[in-house]
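Novice: Mind looking over this structure? Questions follow.
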Amino acid sequence: DSFGQADPINGKIVLLSIGMSNATQEFSAFKMLADTFRNKNPKVLVVDGAQGGQTASVIKNPNANFWTVVTQRLYQQKVNGSQVQAVWLKEANANPTAAFPQHAEDLKNDIKQIVQILKQKYPNLKLLYLSSRIYAGYANTPLNPEPYAYESGYSIKWLIEEQINGDSSLLYNGSNPKSPWLSWGPYLWANGVKPRIDGLVWSPTDFGTDGTHPSN
(Lines give C-alpha, C1' and ligand atoms only; values in the text may rest on other atoms or scores of the structure.)
Protein backbone atom coordinates (compact mmCIF):
# COMPACT_ATOMS: atom_id res chain seq x y z
CA ASP A 1 0.00 0.00 0.00
CA SER A 2 0.99 3.65 -0.02
CA PHE A 3 2.69 3.18 3.35
CA GLY A 4 4.84 0.34 2.04
CA GLN A 5 2.95 -2.38 3.92
CA ALA A 6 1.95 -5.61 2.20
CA ASP A 7 -1.68 -5.37 1.08
CA PRO A 8 -2.86 -8.39 -0.97
CA ILE A 9 -6.25 -6.77 -1.62
CA ASN A 10 -5.57 -3.19 -2.67
CA GLY A 11 -1.77 -3.03 -2.92
CA LYS A 12 0.18 -2.26 -6.10
CA ILE A 13 3.35 -3.71 -7.58
CA VAL A 14 4.99 -0.86 -9.48
CA LEU A 15 7.38 -1.66 -12.35
CA LEU A 16 9.23 1.60 -13.03
CA SER A 17 11.62 2.55 -15.84
CA ILE A 18 14.66 4.71 -15.18
CA GLY A 19 16.90 6.17 -17.86
CA MET A 20 17.41 8.55 -20.75
CA SER A 21 15.68 9.28 -24.06
CA ASN A 22 16.07 5.86 -25.66
CA ALA A 23 14.78 4.28 -22.47
CA THR A 24 11.58 6.34 -22.36
CA GLN A 25 10.93 5.72 -26.08
CA GLU A 26 11.34 1.98 -25.70
CA PHE A 27 9.57 1.63 -22.36
CA SER A 28 6.59 3.77 -23.32
CA ALA A 29 6.05 1.47 -26.31
CA PHE A 30 6.44 -1.54 -24.01
CA LYS A 31 3.92 -0.07 -21.57
CA MET A 32 1.27 0.27 -24.27
CA LEU A 33 1.66 -3.44 -24.99
CA ALA A 34 2.02 -4.59 -21.39
CA ASP A 35 -1.13 -2.78 -20.33
CA THR A 36 -3.08 -4.98 -22.77
CA PHE A 37 -1.66 -8.31 -21.57
CA ARG A 38 -4.61 -10.35 -20.35
CA ASN A 39 -2.47 -12.52 -18.05
CA LYS A 40 -0.68 -9.62 -16.35
CA ASN A 41 -1.22 -9.52 -12.61
CA PRO A 42 -3.86 -6.78 -12.19
CA LYS A 43 -1.87 -5.39 -9.26
CA VAL A 44 1.14 -4.66 -11.48
CA LEU A 45 1.29 -1.02 -12.54
CA VAL A 46 3.79 -0.09 -15.28
CA VAL A 47 5.15 3.47 -14.94
CA ASP A 48 7.63 5.17 -17.30
CA GLY A 49 10.02 7.28 -15.25
CA ALA A 50 12.71 7.62 -17.94
CA GLN A 51 13.25 11.06 -19.45
CA GLY A 52 14.99 12.59 -22.46
CA GLY A 53 18.46 14.02 -21.89
CA GLN A 54 18.79 12.49 -18.44
CA THR A 55 22.10 10.66 -18.75
CA ALA A 56 23.81 8.60 -16.07
CA SER A 57 26.16 11.45 -15.17
CA VAL A 58 23.11 13.65 -14.49
CA ILE A 59 20.88 11.31 -12.48
CA LYS A 60 23.67 9.91 -10.30
CA ASN A 61 22.98 13.08 -8.30
CA PRO A 62 20.14 12.21 -5.89
CA ASN A 63 19.04 15.87 -5.95
CA ALA A 64 18.73 16.06 -9.73
CA ASN A 65 15.37 17.28 -11.03
CA PHE A 66 15.01 13.89 -12.74
CA TRP A 67 13.98 12.34 -9.44
CA THR A 68 11.37 15.04 -8.81
CA VAL A 69 9.78 14.25 -12.18
CA VAL A 70 9.75 10.52 -11.37
CA THR A 71 7.91 11.30 -8.13
CA GLN A 72 5.39 13.37 -10.07
CA ARG A 73 4.80 10.57 -12.57
CA LEU A 74 4.19 8.07 -9.78
CA TYR A 75 1.76 10.51 -8.14
CA GLN A 76 -0.10 10.91 -11.45
CA GLN A 77 -0.66 7.14 -11.41
CA LYS A 78 -1.92 7.34 -7.79
CA VAL A 79 1.07 5.46 -6.34
CA ASN A 80 4.26 6.46 -4.56
CA GLY A 81 7.84 5.34 -4.05
CA SER A 82 6.92 2.87 -1.32
CA GLN A 83 5.12 0.77 -3.93
CA VAL A 84 8.00 0.54 -6.41
CA GLN A 85 9.18 -3.08 -6.30
CA ALA A 86 10.85 -3.58 -9.70
CA VAL A 87 12.83 -1.27 -11.99
CA TRP A 88 14.12 -1.50 -15.55
CA LEU A 89 17.18 0.75 -15.95
CA LYS A 90 18.87 1.70 -19.19
CA GLU A 91 21.46 4.47 -19.20
CA ALA A 92 24.35 5.95 -21.15
CA ASN A 93 26.51 9.06 -21.08
CA ALA A 94 26.51 11.72 -23.77
CA ASN A 95 29.43 12.32 -26.11
CA PRO A 96 31.88 9.74 -24.75
CA THR A 97 35.47 10.08 -25.96
CA ALA A 98 37.63 7.99 -23.62
CA ALA A 99 39.11 4.77 -24.93
CA PHE A 100 37.90 1.38 -23.74
CA PRO A 101 37.74 0.37 -20.95
CA GLN A 102 37.74 3.81 -19.29
CA HIS A 103 34.40 5.06 -20.64
CA ALA A 104 32.73 1.75 -19.76
CA GLU A 105 34.20 1.88 -16.26
CA ASP A 106 32.95 5.45 -15.84
CA LEU A 107 29.45 4.43 -16.93
CA LYS A 108 29.50 1.42 -14.62
CA ASN A 109 30.43 3.63 -11.67
CA ASP A 110 27.69 6.13 -12.51
CA ILE A 111 25.08 3.36 -12.77
CA LYS A 112 26.30 1.91 -9.47
CA GLN A 113 25.51 5.21 -7.77
CA ILE A 114 22.08 5.27 -9.44
CA VAL A 115 21.37 1.75 -8.19
CA GLN A 116 22.13 2.84 -4.62
CA ILE A 117 19.96 5.95 -4.99
CA LEU A 118 17.09 3.77 -6.20
CA LYS A 119 17.27 1.61 -3.07
CA GLN A 120 17.35 4.71 -0.86
CA LYS A 121 14.36 6.32 -2.57
CA TYR A 122 12.35 3.11 -3.01
CA PRO A 123 13.00 0.93 0.06
CA ASN A 124 10.72 -1.88 -1.17
CA LEU A 125 12.56 -2.15 -4.49
CA LYS A 126 13.65 -5.78 -4.80
CA LEU A 127 14.45 -6.42 -8.49
CA LEU A 128 16.45 -4.26 -10.89
CA TYR A 129 16.82 -5.27 -14.53
CA LEU A 130 19.64 -3.63 -16.50
CA SER A 131 19.93 -3.13 -20.26
CA SER A 132 22.68 -1.62 -22.38
CA ARG A 133 22.38 0.37 -25.61
CA ILE A 134 20.91 -0.61 -28.94
CA TYR A 135 23.06 -0.57 -32.09
CA ALA A 136 24.55 2.81 -33.00
CA GLY A 137 26.37 2.04 -36.25
CA TYR A 138 24.12 4.45 -38.18
CA ALA A 139 24.71 7.37 -35.79
CA ASN A 140 25.56 10.66 -37.48
CA THR A 141 26.16 12.61 -34.26
CA PRO A 142 28.71 12.12 -31.44
CA LEU A 143 25.94 11.62 -28.86
CA ASN A 144 26.60 7.89 -28.33
CA PRO A 145 27.97 6.19 -31.45
CA GLU A 146 29.77 2.89 -31.86
CA PRO A 147 31.79 1.35 -30.34
CA TYR A 148 30.52 3.08 -27.17
CA ALA A 149 26.98 1.70 -27.55
CA TYR A 150 28.22 -1.89 -27.80
CA GLU A 151 30.81 -1.42 -25.06
CA SER A 152 28.17 -0.15 -22.61
CA GLY A 153 27.25 -3.81 -22.28
CA TYR A 154 30.48 -4.28 -20.34
CA SER A 155 29.34 -1.64 -17.84
CA ILE A 156 26.30 -3.77 -17.04
CA LYS A 157 28.26 -7.03 -17.02
CA TRP A 158 30.88 -5.68 -14.62
CA LEU A 159 28.30 -4.17 -12.26
CA ILE A 160 26.35 -7.42 -11.97
CA GLU A 161 29.63 -9.29 -11.43
CA GLU A 162 30.52 -6.94 -8.58
CA GLN A 163 27.30 -7.83 -6.77
CA ILE A 164 27.80 -11.55 -7.43
CA ASN A 165 31.34 -11.28 -6.06
CA GLY A 166 30.11 -9.78 -2.79
CA ASP A 167 30.62 -6.01 -3.12
CA SER A 168 29.27 -4.74 0.22
CA SER A 169 27.98 -1.52 -1.39
CA LEU A 170 25.67 -3.68 -3.54
CA LEU A 171 24.36 -5.87 -0.72
CA TYR A 172 20.75 -6.81 -1.55
CA ASN A 173 19.75 -8.91 1.47
CA GLY A 174 19.96 -8.75 5.24
CA SER A 175 18.78 -6.04 7.59
CA ASN A 176 20.40 -3.10 5.75
CA PRO A 177 20.46 -3.74 1.99
CA LYS A 178 22.27 -1.16 -0.16
CA SER A 179 20.90 -2.29 -3.51
CA PRO A 180 18.13 -4.30 -5.12
CA TRP A 181 19.04 -7.64 -6.70
CA LEU A 182 20.64 -6.96 -10.08
CA SER A 183 20.03 -8.92 -13.26
CA TRP A 184 20.28 -8.53 -16.99
CA GLY A 185 17.12 -7.20 -18.60
CA PRO A 186 16.69 -7.59 -22.35
CA TYR A 187 19.96 -7.36 -24.28
CA LEU A 188 19.12 -5.08 -27.17
CA TRP A 189 22.33 -4.73 -29.20
CA ALA A 190 22.74 -6.48 -32.54
CA ASN A 191 25.27 -5.83 -35.31
CA GLY A 192 23.16 -3.86 -37.77
CA VAL A 193 21.58 -5.99 -40.47
CA LYS A 194 23.74 -9.00 -39.59
CA PRO A 195 21.28 -11.33 -37.79
CA ARG A 196 21.96 -12.19 -34.19
CA ILE A 197 21.59 -15.86 -33.18
CA ASP A 198 17.94 -15.14 -32.30
CA GLY A 199 17.37 -13.24 -35.55
CA LEU A 200 17.45 -9.69 -34.18
CA VAL A 201 18.67 -7.08 -36.67
CA TRP A 202 18.76 -3.27 -36.74
CA SER A 203 17.95 -1.67 -40.10
CA PRO A 204 18.45 2.03 -40.90
CA THR A 205 14.66 2.47 -40.94
CA ASP A 206 14.56 1.38 -37.30
CA PHE A 207 16.16 4.73 -36.38
CA GLY A 208 15.29 8.38 -36.45
CA THR A 209 17.20 11.02 -38.41
CA ASP A 210 20.13 11.02 -35.96
CA GLY A 211 20.69 7.29 -36.38
CA THR A 212 20.78 6.97 -32.58
CA HIS A 213 17.21 7.10 -31.32
CA PRO A 214 14.68 4.49 -32.44
CA SER A 215 12.06 5.48 -34.99
CA ASN A 216 8.37 5.03 -34.27
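The values are calculated or read from the model by the stated rules, or taken from the named source; none is laboratory data. Keep in mind it's a predicted model, so treat the numbers as computed, not measured. So basically every Cβ, Gly included, is an ideal-geometry build from the backbone, and we count neighbours across all protein chains shown. Please note that ligands, DNA and RNA were not included when accessible areas were found on the heavy atoms of the full protein model with its side chains. Shrake-Rupley method; radii C 1.70, N 1.55, O 1.52, S 1.80 Å.
Novice: At 20 Å minimum axial length over the Cα atoms and a Kyte-Doolittle cut of 1.6, report the qualifying DSSP H helices in the chain, or say none.
Specialist: Sorted by number, there is nothing, because no helix extends far enough and scores high enough.
Novice: Tell me the per residue accessible area of the chain using a 1.4 Å probe; a whole number in Å² is fine.
Specialist: Result: 51 Å² per residue.
Novice: Using modelled backbone amide H atoms (1.01 Å from N, in-plane), which distant-in-sequence or interchain residues come within less than 5 Å of Trp189's amide H?
Specialist: none
Novice: For the chain, give the percent of accessible area contributed by carbon and sulfur heavy atoms, probe 1.4 Å, rounded to a whole number.
Specialist: Carbon plus sulfur share of accessible area: 55 percent.
Novice: Can you give me the long-range amide H partners of Trp88? Hydrogens built in the peptide plane at 1.01 Å from N, cutoff under 5 Å, separation of 5 or more residues or another chain.
Specialist: Leu16, Ser17, Ile18, Tyr129
Novice: List the residues, sorted by chain then number, that are 5 or more residues from Phe207 or on another chain and whose placed amide H is less than 5 Å from its amide H.
Specialist: The answer is Ser215.
Novice: Right, here's the next one. Given points 7 Å out from each Cα along the Cα-Cβ axis, report the Gln113 to Lys157 separation in nanometres with one decimal.
Specialist: 2.5
Novice: Let me ask something additional. May I ask what percent, to the nearest 5, of DSSP beta bridges between residues of the range 85-216 are antiparallel?
Specialist: 10
Novice: Give the separation of the Cα centroids, the range 150-180 to the range 36-53, in Å.
Specialist: One Cα centre to the other: 24 Å.
Novice: Then there is this: Across the range 124-138, in residue order, what do the Karplus-derived ³J(HN,Hα) couplings come to in whole Hz, using 6.51 cos²θ - 1.76 cosθ + 1.60 with θ = phi - 60° and x for Gly and Pro?
Specialist: Values per residue, Gly and Pro as x: 8, 5, 10, 10, 10, 9, 10, 10, 9, 6, 7, 4, 10, x, 9 Hz.
Novice: Okay, moving on. When the chain is fully extended, how far beyond the present Cα-Cα distance does Gln76 get from Val193, taking 0.36 nm per residue of separation?
Specialist: 38.1 nm
Novice: Moving on. Pick out which of Leu128, Leu200, Leu89 has the largest mean-square fluctuation in a Gaussian network model of the chain, springs linking Cα atoms closer than 10 Å.
Specialist: Highest fluctuation among the options: Leu200.
Novice: How much length is gained if the chain between Val44 and Asn216 is pulled fully straight, taking 0.36 nm per residue apart and subtracting their Cα-Cα distance, in nm to one decimal?
Specialist: 59.3 nm
Novice: May I pose another question? How far apart, in nm, are two points set 7 Å out from the Cα along the Cα-to-Cβ line at Gln120 and at Ile164?
Specialist: 2.8
Novice: Would you please give the FRET efficiency between Lys178 and Leu200, computed as 1/(1 + (r/R0)^6) with r the Cβ-Cβ distance and R0 = 35 Å, to the nearest 0.05?
Specialist: With a Förster radius of 35 Å, E is 0.55.
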